[in-house]
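Okay, structure first, notes after.
Since every read-out is calculated from the coordinates, none of them should be taken as a lab result. In this text the structure is predicted, and so the values were computed from the model without any measurement. Heads up, the Cβs are rebuilt from the backbone with ideal geometry, glycines too, and the neighbour counts pull from every protein chain shown.
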Amino acid sequence: MCIESFLRYIRYEKNFSSHTVLSYRNDLLQFVDYYFTCKSERFSPKSVDRDLVRNWIVYLVEKGRTPRSISRKVSTLRSFFKFLVKEGIIPFTPIQNIQLPKISKPLPAFLKKEEMDLLLDGIDFGDNFRGVRDKLIINMFYSTGIRRGELIGLQDADVDIYMSAMKVTGKRNKQRIIPFGKELRIQIEGYRSVRDRDVKGEHKTFFVKEDGQPLYPELVYRIVTRYLNMVSTLTKKSPHVLRHTFASAMLNNGAELNSIKELLGHSSLASTEVYTHITFEELKQSYKQAHPRAEKKEGVMKISIQSIHFDASAQLESFIQKKVAKLGQYCDDIMSAEVVLKVVKPETAQNKEASIKLLVPKSDDIFSSKVADTFEEAVDVAVDALVKQLQKMKEKMRAK
């Protein structure tokens with residue numbers, strides 16, 4: 001009874017998809033089955049304690065379940081017991097301080113700028129309806145980062161060429177506005193012209209087939225795969241790869257993580273952090289190859305990163321290196337930057353602290369310490385504060 005109430009809650013009040021609700025149901029029923037094997041009695045949430053949950057995790061590990069699968073199942077259980085506490089059925093949740101197996105996050109596949117340039121500028125899509133439409137599909141994924149379902153659900157009225165913006169309906173029916181540039185605007189105008197000329201009927205849906213019907217997921221997948229095969233050797237070629245390519249391109253060209261989060265429609269900054277993997281090293285390599293004095297300038301600012309009581313991931317360190325290195329744009333004299341990361345007040349949501357100290361000759365040490373939900377966000381805010389301090393320092397020096 002409690003499980004069915006919870007499933008109705010996430011379906012109709014939280015607006016989860018039917019697919020997600022089915023996954024939650026399966027996870028909970030698997031836990032109930034394990035409960036029966038341990039207690040041989042009717043399932044009662046009040047009888048579930050922390051040890052039972054931990055033993056279930058060990059059981060799943062022994063069964064060969066992946067860390068990602070186990071993490072998802074425990075997340076389901078956590079949401080379920082949180083709901084029961086909210087409803088007053090149990091006084092507290094047994095899912096507290098549960099350590100999960102570490103998940104090795106696969107890095108997202110993406111295309112290089114040269115590959116996208118070749119695809120959009122060097123491949124002949126044709127000037128008939130299908131060619132014009134398919135090229136716009138590719139460029140819209142790359143230029144906006146929208147999901148496949150969002151592209152298929154795009155309504156004609158949602159695309160405003162005068163404002164150069166589109167309204168996108170994402171997961172859980174959340175809507176967001178995404179701007180686009182002149183190149184995409186011209187392509188949109190061209191597509192609408194050919195569509196209205198060659199395809200009969202009233203076009204409420206933006207993208208349609210030759211018979212005027214909306215696109216379907218498999219067709220969009222085939223279109224993207226066909227053209228990506230022409231320019232890329234990636235094993236995985238899908239609309240989501242173009243979404244990754246959009247995010248990586250934005251980050252590599254200086255966009256802030258929070259801005260990318262909003263454009264992608266992520267509910268949490270943690271979902272966006274995976275794109276920090278390619279930024280600093282790729283930019284540094286490009287600089288060294290392109291600038292004649294790059295090797296001479298290399299290493300002017302030494303950046304050290306210390307993580308207290310945990311191991312910072314390579315992705316996180318790469319992100320920090322990139323962010324802190326940007327401070328060199330505001331002051332050429334920075335000798336070193338010391339970054340310290342630690343978790344404060346583990347019981348609270350905002351518990352990630354990033355402290356950054358800059359050593360600048362003939363000046364007091366410049367320091368900033370910020371706390372946020374994630375280390376990336378804390379570093380972002382701390383760097384912004386340091387930029388203001390460096391700008392003030394420059395103004396004082398000019399005034400002397």
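Things to note:
- Fraction of the pair-distance distribution of the stretch 28-73 above 16 Å, Cα-Cα pairs, percent: 34 percent
- At q = 0.18, 0.19, 0.29 Å⁻¹, base-10 log of I(q)/I(0) for the stretch 163-205 (Debye sum, equal scatterers on each alpha carbon): -0.70, -0.75, -0.97
- Length available on full extension from LYS86 to TYR34: 0.36 nm per residue minus the Cα-Cα distance, which gives 16.3 nm.
- The stretch 254-268 versus the stretch 14-90: alpha-carbon centroid distance in Å: 32 Å
- Sequentially through the stretch 141-150, phi angles give Karplus couplings (6.51, -1.76, 1.60; θ = phi - 60°) of 4, 6, 8, 10, x, 6, 7, 4, x, 5 Hz, Gly and Pro residues having no value and appearing as x.
- Label positions at LYS209 and ALA314, each projected 7 Å from the Cα along the C-beta direction, are separated by 4.4 nm.
- Amide H within-cut-off set for LYS352, under 5 Å, with H built and near neighbours excluded: VAL344, ALA372
- Burial ordering of TYR162, TYR24, TYR35, fewest other beta-carbon atoms within 10 Å first: TYR162, TYR35, TYR24
- Within the stretch 11-51, the ratio Rg/Rh, alpha carbon atoms throughout and Rh by Kirkwood, equals 1.10.
- You can think of it this way: the chain between SER5 and SER304 has 102.5 nm of extra reach, that is 0.36 nm per residue less the Cα-Cα gap.
- Sequence-distant aspartates and glutamates (8 or more away, or on other chains) whose Cα lies within less than 19 Å of LYS167: GLU150, ASP156, ASP158, GLU183, GLU189, GLU262
- Model label zone, LYS63; criterion: amide N under 18 Å from point 7 Å along Cα-to-beta-carbon; scope the stretch 10-44: 22-41, 43-44
- Summarising the amide proton neighbourhood of ALA165: residues at separation of 5 or more, or on other chains, whose placed amide H is nearer than 5 Å comprise ASP160, PHE180.
- Global form of the stretch 105-215, assessed from the alpha-carbon gyration tensor, a/c cut-off 1.5: oblate
- Cross-link partners of LYS370 among aspartates and glutamates (Cα-Cα below 19 Å; sequence separation of 8 or more within a chain): GLU256, GLU273, GLU317, GLU338, GLU347, GLU353, ASP380, ASP384
- Ranked CYS38, CYS331, criterion: other C-beta atoms within 10 Å, fewest first: CYS38, CYS331
- Per-residue ³J(HN,Hα) for the stretch 182-194, Karplus 6.51 cos²θ - 1.76 cosθ + 1.60, θ = phi - 60°, Hz, x for Gly and Pro: 5, 4, 5, 4, 5, 5, 5, 4, x, 5, 4, 5, 5
- Interchain or long-range residues, amide H under 5 Å from SER336's placed H: LYS302, LEU359
- Value in Å of the Kirkwood radius, where the stretch 139-289 supplies the Cα pairs that are averaged: 16.8 Å
- Averaging 1/r over every pair of different alpha carbons in the chain and inverting the result gives a Kirkwood radius of 24.9 Å.
- Qualifying trypsin sites (Lys or Arg not before Pro) for the stretch 151-223 [loop in DSSP, other Cβ within 10 Å: at most 16]: LYS174, LYS200, LYS204, LYS209
- Choice from ILE138, ILE308, ILE177 showing the highest fluctuation, given a GNM over the chain with Cα pairs closer than 10 Å: ILE308
- 24 Å Cα-Cα reach of LYS82 towards lysines, excluding residues that sit fewer than 8 places from it in its own chain: LYS14, LYS39, LYS46, LYS73, LYS102, LYS171, LYS174, LYS345, LYS352
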